[in-house]
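Below is one structure; the comments refer to it alone.
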Amino acid sequence: MILQQRAEPTDVHLSPETILGRCSELLLELMQAQEATADQILRNLFAIGVNRITAKLSGVNVTGTNLLTYSLAGALAGFGGFLVVGNTGVVHLQLGQPFLFPSIAAVAVGGTLLSGGKGSYWGTMAGAIVLTLITSLLTTMQMPDSVRRMVLGATLLILISIYGRQRALRQ
């Protein structure tokens, strides 16, 4: 005769607070792990931007980091193109042309060195805001598109020449 033991019900209370607490702990641990990984990738990318040879000698996988960076940039550019096509409803070769100059100019006006290694997100955002304000002002004054482009180009040249003369930004 086989005796079967009946498991006594344990007094486990799965209240919503307990479930929410456990889920939030798991979410925080996952976010910390992702942040540590992203932080390391960004450090490696910054090291490559400053000096590729030194980064390689420091143990950074330069080829892998470059491959990851360019793959991510291509995927994000494709997604951005998908959004632009969804917004306009047409596809043609010069669809993104109006966005090219302002995006590069915003980075340069924000103080990022075009040779790499120095720059910040906040500076790029400030550069984009300055260029948007200038463009809005010129549009409000009903200036033609050619005048707006000349003013933005002159602004870019002036700011790049100012940044080029500052010793702290060159080193």
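Observations
- Check on residue 96, closer than 24 Å to residue 126 by Cα and not hydroxyl-bearing (Ser, Thr, Tyr): yes
- Here residue 163 meets each of (1) of a type in the set (Phe, Trp, Tyr); (2) under 30 Å from residue 85 (Cβ atoms); (3) at pLDDT below 80 with one exception, condition (2).
- A count restricted to region 106-135 and to residues that are under 16 Å from the mean Cα position of the chain (by Cα), in a helix (DSSP H, G or I) and surrounded by 11 or more Cβ atoms within 10 Å (Cβ to Cβ) stands at 9.
The values are calculated or read from the model by the stated rules, or taken from the named source; none is laboratory data. The structure displayed is predicted, hence computed values, not measured ones. Reconstructed Cβ throughout: ideal geometry from the backbone, glycine too, with neighbour counts over all protein chains shown.
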